[in-house]
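The values are calculated or read from the model by the stated rules, or taken from the named source; none is laboratory data. Being a predicted model, the structure only gives us computed values, none of them experimental. Neighbour counts are summed over all protein chains in view; Cβ atoms, including those assigned to glycine, are modelled from backbone coordinates with ideal geometry.
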Amino acid sequence: MNEFADEPRAAAGEQAAPYPDVVSVLGWSASGDPVASANALFRVFAAERPLAELNGLLRALRPVPVMTGQGLTWAVESSGDVLPAALSTCLLGWLLHHDESRLGTCQAARCVDVYADASPTGRRRFCSPTCLNRHKVAAHRARAR
Ligand SMILES: [Zn+2]
């Protein structure tokens, strides 16, 4: 998702970089605009009140629960809503087991990639170990000066 949303691409200076192949990122082919979908989900992670933002997105997409022999699936009326609805309902499922405060955006310089913190402590502030290490090195260099 971070590779498609406008704000993470801008923070990384990668606005002009080609978008990755959606199927290779998701592992499945979904109809819907990946950039618009990523931007909509980014707003949930970046929101002061993520649940309110997600609920607004779900109200707009109106995914209908469908119980099957394989479990719960979701249906939408418009094929263009498949990708944003899939991302939204996936996040909805995650939030059934985690507090909204565990969603966030990376605090490292030149990165606002999103993260979902499932750690025991719930203190995550960076999207990846790479950003955490980059932040630590920058802080160390700042102290050394
Ligand atoms: Zn990051």
Legend entry - Residue identified as touching a residue at least 24 places away in the same chain (Cβ under 8 Å), more than 13 Å from the ligand (Cβ to nearest atom) and touching a Pro at 6+ places or on another chain (Cβ under 7 Å) among Gly80, Gly32: Gly32
Inset, instruction - Would you mind stating whether Gly32 is buried (at least 18 other Cβ atoms within 10 Å of the Cβ) and on the phi > 0 side of the Ramachandran plot? - result: yes
Legend entry - When residues of segment 107-117 are limited to those that are in contact (Cβ under 8 Å) with a residue 40 or more places away in the chain, crowded, with 19+ Cβ neighbours inside 10 Å and part of a loop (DSSP other than H, G, I, E, B), the one farthest from the ligand (Cβ to nearest atom): Val112
Inset, instruction - May I ask you to say which residue of Leu95, Leu103, Leu91 is within 16 Å of the ligand (Cβ to nearest atom) and either among the acidic types (Asp, Glu) or within 18 Å of Leu54 (Cβ to Cβ) (or both)? - result: Leu103
Inset, instruction - Select from segment 4-21 the residues that are touching a residue at least 24 places away in the same chain (Cβ under 8 Å) and either surrounded by 10 or more Cβ atoms within 10 Å (Cβ to Cβ) or in a helix (DSSP H, G or I) (or both) and list them in ascending order. - result: Phe4, Ala5, Asp6, Glu7, Pro8, Ala11, Ala12
Inset, instruction - Working only within segment 95-132, note down all residues that are among the hydroxyl-bearing types (Ser, Thr, Tyr) and within 19 Å of Glu7 (Cβ to Cβ). - result: Thr105, Tyr115, Ser128, Thr130
Legend entry - Residue list for segment 118-145, filter: part of a loop (DSSP other than H, G, I, E, B), more than 13 Å from the ligand (Cβ to nearest atom) and not small (Gly, Ala, Ser): Pro120, Thr121, Arg123, Arg145
Inset, instruction - Test Val66 against the criterion of being surrounded by 19 or more Cβ atoms within 10 Å (Cβ to Cβ) and not aromatic (Phe, Trp, Tyr), and give yes or no. - result: no
Inset, instruction - Examine segment 61-72 for a residue that is modelled with pLDDT of 95 or more and within 13 Å of the chain's Cα centre (by Cα), and state whether such a residue exists. - result: no
Inset, instruction - Inspect all residues belonging to segment 41-54 and state whether any of them is assigned to a strand (DSSP E or B), within 16 Å of the ligand (Cβ to nearest atom) and touching a helix residue (DSSP H, G or I) at 6+ places or on another chain (Cβ under 8 Å). - result: no
